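Comments concern the structure below.
The values are calculated or read from the model by the stated rules, or taken from the named source; none is laboratory data. Since we're looking at a predicted model, the values are computed, not measured. For neighbour counting, all protein chains shown are included, and Cβ atoms are generated from backbone atoms with ideal geometry for every residue, glycine included.
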């Protein structure tokens, strides 16, 4: 899926809900978390531990690993760790999500989906097929199970829109928020300035994780 500026939505198809049971309904989301995913809810099954590999290629002068760790902690804390968890992976072969800078070559192929469009800050990409995301093949002969590829462009960050805000924003897409907030005080605003999810972001994610899965990650 490729969602411009962030989660790319490639070849989105109509998807029937999977069998993952939805918890009781909660308050409506603060903004539409499916605006960039064609109205389809995508997310990880409840209880998933998401393994994240931060590619060290071409990150000189950029603390991508630190920003990613902070973003993972922020999103896990947003739901109290009750719906999903993160762990840092030491290799791409063990990862569900890869985070890299735009200057680094992508470590995965696109599984037949279209190449993401040009972007300013970040792109979170996955390739949907019917009701699940395809595994993105690793470069070389290594087997893997990568579902998402996050590209970060450090050149698009500054003191008003810091790296940590952009990475946390992209991780918000990676956990299931397929939309942008119209409020600049939310980390899911299209040009994020804050570095942690707001109450509105948290309410939106709470809604997402309690919906039937349209596309299973």
Original post:
Before we move on, is residue 128 more than 17 Å from residue 216 (Cα to Cα), at pLDDT below 95 and in contact with a strand residue (DSSP E or B) (Cβ under 6 Å, 6 or more places away or on another chain)?
Top reply: no
Original post:
Within segment 126-145, can you find the residues that are touching a residue at least 60 places away in the same chain (Cβ under 8 Å) and part of a loop (DSSP other than H, G, I, E, B)?
Top reply: 127, 130, 131
**OP:** Please find, among 67, 103, the residue that is under 18 Å from residue 151 (Cβ atoms) and assigned to a loop (DSSP other than H, G, I, E, B).
**Re:** 103
**OP:** Taking residue 186 as meeting all but one of (1) in contact with a helix residue (DSSP H, G or I) (Cβ under 6 Å, 6 or more places away or on another chain); (2) more than 22 Å from residue 59 (Cα to Cα); (3) not in a loop (DSSP other than H, G, I, E, B), write down the number of the exception.
**Re:** (3)
Original post:
From the residues in segment 163-183 that are touching a helix residue (DSSP H, G or I) at 6+ places or on another chain (Cβ under 7 Å), part of a loop (DSSP other than H, G, I, E, B) and on the phi < 0 side of the Ramachandran plot, which one is surrounded by the fewest Cβ atoms within 10 Å (Cβ to Cβ)?
Top reply: 183
Subject >> residue 198 being at pLDDT 95 or above and surrounded by 19 or more Cβ atoms within 10 Å (Cβ to Cβ) >> reply: no
Original post:
Quick one: what pairs do we get from segment 185-202, first residue free of Cβ contacts under 8 Å to residues at least 24 places away in the same chain, second in a loop (DSSP other than H, G, I, E, B) and surrounded by fewer than 18 Cβ atoms within 10 Å (Cβ to Cβ), C-beta under 6 Å, 6+ apart or different chains?
Top reply: 198/185
Original post:
Residues 118, 160: which one is out of contact with any strand residue (DSSP E or B) (no Cβ under 6 Å at 6 or more places or on another chain), in a loop (DSSP other than H, G, I, E, B) and in contact (Cβ under 8 Å) with a residue 12 or more places away in the chain?
Top reply: 160
Original post:
Here is a list of conditions, (1) touching a helix residue (DSSP H, G or I) at 6+ places or on another chain (Cβ under 6 Å); (2) closer than 16 Å to residue 54 by Cα, and residue 142 meets all of them except one; can you say which number that is?
Top reply: (2)
**OP:** Name, by its number, the condition in (1) crowded, with 21+ Cβ neighbours inside 10 Å; (2) farther than 16 Å from residue 163 by Cβ that does not hold for residue 67.
**Re:** (2)
